[in-house]
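Participant: One structure, as C-alpha coordinates, below. Some questions next.
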Amino acid sequence: MCDARIIFRIAGLFVMASVALGTWVHVGWFGFTAFVGFNMFQMSFSGFCPLERVLASLGWFGCRPRTAAP
(Lines give C-alpha, C1' and ligand atoms only; values in the text may rest on other atoms or scores of the structure.)
Protein backbone atom coordinates (compact mmCIF):
# COMPACT_ATOMS: atom_id res chain seq x y z
CA MET A 1 0.00 0.00 0.00
CA CYS A 2 1.36 3.40 -0.99
CA ASP A 3 1.11 6.72 0.72
CA ALA A 4 -1.86 8.42 -0.98
CA ARG A 5 0.16 11.59 -1.59
CA ILE A 6 2.44 9.91 -4.12
CA ILE A 7 -0.59 8.58 -6.01
CA PHE A 8 -2.16 12.05 -6.13
CA ARG A 9 1.14 13.67 -7.16
CA ILE A 10 1.65 11.30 -10.06
CA ALA A 11 -2.00 11.47 -11.13
CA GLY A 12 -1.89 15.28 -11.01
CA LEU A 13 1.30 15.31 -13.05
CA PHE A 14 -0.27 12.98 -15.63
CA VAL A 15 -3.38 15.19 -15.87
CA MET A 16 -1.41 18.42 -16.25
CA ALA A 17 0.93 16.89 -18.84
CA SER A 18 -1.89 15.36 -20.88
CA VAL A 19 -3.89 18.61 -20.86
CA ALA A 20 -0.82 20.49 -22.09
CA LEU A 21 -0.18 17.87 -24.77
CA GLY A 22 -3.85 17.89 -25.76
CA THR A 23 -3.78 21.67 -26.09
CA TRP A 24 -0.50 22.08 -27.95
CA VAL A 25 0.18 18.74 -29.70
CA HIS A 26 -2.94 16.71 -30.51
CA VAL A 27 -6.45 16.53 -29.06
CA GLY A 28 -6.11 12.76 -28.72
CA TRP A 29 -4.10 13.34 -25.54
CA PHE A 30 -7.33 14.34 -23.77
CA GLY A 31 -8.20 10.64 -23.84
CA PHE A 32 -5.32 10.03 -21.43
CA THR A 33 -6.75 12.72 -19.15
CA ALA A 34 -10.08 10.86 -19.18
CA PHE A 35 -8.30 7.56 -18.47
CA VAL A 36 -6.56 8.98 -15.38
CA GLY A 37 -9.83 10.51 -14.17
CA PHE A 38 -11.68 7.23 -14.68
CA ASN A 39 -9.04 5.34 -12.68
CA MET A 40 -9.32 7.82 -9.81
CA PHE A 41 -13.11 7.50 -9.90
CA GLN A 42 -13.13 3.69 -9.88
CA MET A 43 -10.50 3.63 -7.12
CA SER A 44 -12.85 5.59 -4.87
CA PHE A 45 -15.34 2.71 -5.10
CA SER A 46 -13.21 -0.41 -5.45
CA GLY A 47 -9.99 0.51 -3.65
CA PHE A 48 -8.00 -0.96 -6.56
CA CYS A 49 -5.34 1.37 -7.96
CA PRO A 50 -3.33 0.23 -11.00
CA LEU A 51 -0.64 2.86 -10.32
CA GLU A 52 -0.18 1.53 -6.80
CA ARG A 53 0.42 -1.96 -8.21
CA VAL A 54 2.95 -0.62 -10.74
CA LEU A 55 4.84 1.36 -8.09
CA ALA A 56 4.92 -1.63 -5.74
CA SER A 57 6.26 -3.92 -8.47
CA LEU A 58 9.00 -1.38 -9.23
CA GLY A 59 9.96 -1.38 -5.55
CA TRP A 60 9.07 2.28 -5.06
CA PHE A 61 9.98 3.40 -1.56
CA GLY A 62 6.99 3.19 0.75
CA CYS A 63 4.88 1.00 -1.56
CA ARG A 64 4.17 -2.63 -1.02
CA PRO A 65 1.62 -4.91 -2.66
CA ARG A 66 -1.66 -5.32 -0.84
CA THR A 67 -2.24 -8.67 0.77
CA ALA A 68 -5.49 -10.54 0.42
CA ALA A 69 -7.93 -10.22 3.28
CA PRO A 70 -8.15 -13.37 5.48
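The values are calculated or read from the model by the stated rules, or taken from the named source; none is laboratory data. Please read these numbers as outputs of a predicted model, since none were measured by experiment. We place every Cβ from the backbone using ideal geometry, glycine too, and count neighbours over all the protein chains shown.
Participant: Taking the range 38-53 only, how many residues are under 11 Å from the mean Cα position of the chain (by Cα), under 12 Å from ALA4 (Cβ atoms) and assigned to a helix (DSSP H, G or I)?
Facilitator: So the count comes out to 4.
Participant: Right, another one. Applying the selection to the range 40-62, what residues are among the aliphatic types (A, V, I, L, M) and either in contact (Cβ under 8 Å) with a residue 12 or more places away in the chain or under 11 Å from ILE10 (Cβ atoms) (or both)? Break it down stepwise before answering.
Facilitator: Just the residues of the range 40-62 that are among the aliphatic types (A, V, I, L, M), to begin with: 40, 43, 51, 54-56, 58.
MET40, LEU51, VAL54, LEU55, ALA56, listed by residue number.
Participant: What are the pairs, 6+ residues apart or on separate chains, where a residue within the range 26-39 that is without any contact (Cβ under 8 Å) to a residue 12 or more places away in the chain has its Cβ under 8 Å from a residue that is in a helix (DSSP H, G or I) and surrounded by 11 or more Cβ atoms within 10 Å (Cβ to Cβ)?
Facilitator: Pairs found: GLY28/GLY22; TRP29/SER18; TRP29/VAL19; TRP29/LEU21; TRP29/GLY22.
Participant: Based on this model, can you work out whether CYS63 counts as at pLDDT below 85, surrounded by 11 or more Cβ atoms within 10 Å (Cβ to Cβ), in a loop (DSSP other than H, G, I, E, B) and touching a Gly at 6+ places or on another chain (Cβ under 7 Å)?
Facilitator: no
Participant: Go over the candidates ALA34, ALA68, ALA56 one by one and state the one that is at pLDDT below 85, hydrophobic (A, V, I, L, M, F, W, C) and not in a loop (DSSP other than H, G, I, E, B). Steps first, answer last, please.
Facilitator: Working: ALA34 fails: at pLDDT below 85; ALA68 fails: not in a loop (DSSP other than H, G, I, E, B).
Exactly one residue qualifies, and that residue is ALA56.
Participant: Still on this structure: Give the range 5-33 a look and list any residue that's under 13 Å from the mean Cα position of the chain (by Cα) and either surrounded by fewer than 11 Cβ atoms within 10 Å (Cβ to Cβ) or basic (Lys, Arg) (or both), or say none.
Facilitator: Listed by number, the residues that qualify are ARG5, ARG9.
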